[in-house]
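I have placed the structure first, in the form of structure tokens, so that the comments after it can refer back to it.
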Amino acid sequence: MNLGTSESVDGITKAPAAMRKTMRRATVIMLGIWMAFVYGSIFTWAEGTPPNVHALDDGLALTPPMGWYPWNIFGQEPQNEKLIKEIVDALVASGMREAGYSYVGPDEGICFLRASDGKLTTNLERYPSGLRGLGDYIHKRGLKYALYTDAGTHTCSKAMPGTKGREFEDMRRFADWRCDYVKIDWCHTEGQDVVKAYTLLHDAQHAAGRPIVHSLCTWGEGSPWKWAAAVGHLWRTTGDICGPGLADWESAMKIAFDNETLFEWAGPGHWNDPDMMIVGMPGLSEAQNRSFFSLWCMMASPLMAGNDLRNMSKSTIQILTNREAIGVNQDPLGIQGHVIRREGQVSIWAGKRLFDGSQAVLVFNQQSSPADVRVPWSDLGIDETAGLYARDLWTHETTGPHAGRISVTVPPNDVAMLRISKSKDFPLPPIIIADTYVVSLRATGTAAQALSAAVTIRNQGSAELPFWKIREGLPGWLSVTIAGNGKSQTLTNRISTVGLKKGFYHVVVRVDNTEPVSGRPMSTIYYDVDLEVPNDVEGGSK
Ligand code: GLA
């Protein structure tokens, strides 16, 4: 290309005109790219996805994790295998699994010790099936396995070893136990740097090769919302919500109002965690249980139940399994709602746009008398005159069209939880349930065999889901096919033992999907496939 001759002005050589034009154009393009980048990151940030989000790789916890942890109601002492299994059975029997609760396991429940060779080993007195055995029990019931440890020298009560100095071996052990979620506490960490400690634990988890939800528990120390999205999936923002066995309403309210201010930091795969729930614990009224659950749903908080699931009132079950409220929590956009207006003891929570274009609104009345509250559409950033429909997520009634505003009367300590929409339809986002997370097969004899076992994945949401996509890279002995519809799909795992050597074979299968209305990626599903081959099998050269 001929760029013309150079010109010299005041001894400074100027680039030729054509070259200057090209440079100007390049500058404009660069400026455009820079603006697009800045705009893109602001836009993405507003959508709740800061650039460095760990979950973008592993697809875990793209909606807030749901499950159960023992600490709030039980504390340490009664935790053992029998208790955890009873809770697992109660979780399934009560309908909570069908409502989306999946992660379950011991907290600081004295479940492992450090053996003389330095390796973590199950405390068999309390967990006689071993921690792998407990994991299998949980997986076979279509639930996911949660465990607990600490970044320091010991767990809080010093009843269990911490991971300090043994991060890589310990995380390998958690992977061997087939854990899917690990809460990592911050006790006995004197002299440790919080960012370095949890980054090392993330690296150790990565090296262990099993996709695990990483739940950081620094009680807000070190402002994890500012950095932990790169190394984990959720982080506690505050101190403990209560002492074991004692629901503390004042403390819960303080935590809720502290946590809501952090709303900009949360999004798919990276959540603010205001601690486990107290719904259904002794001492709370039905209205308080309903209010608490609504607040946690509105804040896109992890929904880890903390009550005794074996003894729940009908009302507690109804609250914990209210699919319309859960739908707000599990919304694929993952926006954390927050307080937009507070008048005395009455707060209006909004800013939570949902996948179908509707918005969630919560009116919370902490007065001892009823509150009459008006929410004008302008508070929600919607054209004043628009006639909109309102869905009450607790009475399950739709009203409207309402022009310009809605008025509600909220009883003391209670809430009105609404979805506001242009449409009369209020679809639910996907809630995914699998009948099992482990497939175990055993070959017999020495002749080649074809074995198969199924995993069924159901979707409780309104939209039909496309087929789950099976991640490539399965070993030669396994193929997975998928059949079904938008509500229920069966993944058939077909195993060919041709030419396999005697031994144990294991692989984690990954399947991904997209929520069809919003086009947002859904949380990835992983399940384990185990094959036992007791003898060398004929054929092939594998
Ligand atoms: C810390 C955590 C609690 C619980 C206890 C166990 O206090 O914040 O959630 O795990 O440790 O000792």
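Summary of computed values
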| quantity | calculated |
| --- | --- |
| Positive-end extreme of charge dipole, the chain - chosen from L246, L418, I278 (charges on Cβ) | L418 |
| Mean separation of Cα contacts under 8 Å (6+ apart) over length of region 101-147, as relative contact order % | 46 percent |
| D308, D528, reordered so the largest accessible area comes first (probe 1.4 Å) | D308, D528 |
| Where only alpha carbons of region 173-245 are counted, the Rg and the Dmax (Å) | 12.6, 37 |
| Per residue solvent-accessible surface (Å²) - the chain, probe of 1.4 Å | 42 Å² |
| Dipole of the chain, positive direction: furthest Cα of G540, F467, G109, with charges on the beta-carbon | G540 |
| Protein-only accessible surface order, largest first, of S407, S523, S368 at 1.4 Å | S368, S407, S523 |
| Heavy-atom SASA rank of F168, F74 (probe 1.4 Å, accessible area, largest first) | F168, F74 |
| Cβ-based net charge around A93, under 14 Å, with every Lys or Arg adding one and every Asp or Glu removing one | +1 |
| Assigned charges on the beta-carbon of Lys, Arg, Asp, Glu; region 425-497 dipole about Cα centre (debye) | 220 debye |
| Options S518, N365, H214, ranked by Cα towards positive dipole end of the chain, top entry (Cβ charges) | S518 |
| Cysteines without a disulfide-compatible neighbour (Cβ-Cβ under 4.7 Å), the chain | C111, C179, C217, C242, C297 |
| Rough spin-label spacing in nm, given labels placed 7 Å along Cα→Cβ, for A230 and D89 | 4.7 nm |
| Total charge dipole magnitude, region 205-364, about the Cα centre, Cβ charges on Lys, Arg, Asp, Glu only, Debye to nearest 20 | 280 debye |
| Charge sum, other residues only, whose C-beta stays under 9 Å from Q460's C-beta, Lys/Arg counted +1 and Asp/Glu -1 | +2 |
| Over 31 Å (Cα to Cα) - which of K158/K502; K85/K196; K85/K314; K82/K119; K144/K314; K144/K424 fall in this group | K158/K502; K85/K196; K144/K424 |
| Surface share of carbon and sulfur [accessible, 1.4 angstrom probe, percent] for region 254-316 | 49 percent |
| Relative contact order (%) - criterion: Cα under 8 Å, at least six apart; region: region 297-433 | 23 percent |
| Phi-based couplings in Hz for region 220-237 (Karplus 6.51, -1.76, 1.60; Gly and Pro marked x) | x, 4, x, 6, x, 4, 7, 9, 6, 4, 7, 10, x, 10, 7, 8, 5, 9 |
| Residue-level accessible surface for E250, protein heavy atoms, 1.4 Å, Å² | 140 Å² |
| Among beta bridges that DSSP assigns inside the chain, antiparallel share in %, nearest 5 | 70 percent |
| Sequence-distant residues sharing a close amide H with M160 (under 5 Å, placed H) | T155 |
| Computed over the chain, the ratio Rg/Rh where both radii use C-alpha atoms and Rh is Kirkwood | 1.04 |
| Amide proton proximity set for D150, modelled H, under 5 Å, gap of 5+ | T163, D185 |
| The chain: calculated mean residue ellipticity at 222 nm from DSSP helix runs of at least 4, using -39500 (n - 2.57) | -7000 deg cm²/dmol |
| Taking the chain and dividing mean pair separation by its residue count, relative contact order in percent (alpha carbons under 8 Å, at least six apart) | 12 percent |
| Net charge dipole size for the chain [Lys, Arg +1 and Asp, Glu -1 on Cβ; Debye, nearest 20] | 1280 debye |
| Phi-based couplings in Hz for region 177-190 (Karplus 6.51, -1.76, 1.60; Gly and Pro marked x) | 6, 6, 6, 10, 8, 10, 8, 10, 7, 10, 7, 6, 10, 3 |
| Per-residue ³J(HN,Hα) for region 495-508, Karplus 6.51 cos²θ - 1.76 cosθ + 1.60, θ = phi - 60°, Hz, x for Gly and Pro | 10, 10, 8, 3, x, 6, 7, 3, x, 10, 10, 9, 8, 9 |
| Positive minus negative residues near T199 (Lys, Arg vs Asp, Glu; Cβ under 12 Å) | -2 |
| Amide proton proximity set for G67, modelled H, under 5 Å, gap of 5+ | S102, Y103, L303, M304, A305 |
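The values are calculated or read from the model by the stated rules, or taken from the named source; none is laboratory data. Everything numeric in this text was worked out from a predicted model, so none of it was measured. Reconstructed Cβ throughout: ideal geometry from the backbone, glycine too, with neighbour counts over all protein chains shown. Heavy atoms of the whole protein, side chains included, go into the accessibility calculation; ligands, DNA and RNA do not. Shrake-Rupley method; radii C 1.70, N 1.55, O 1.52, S 1.80 Å.
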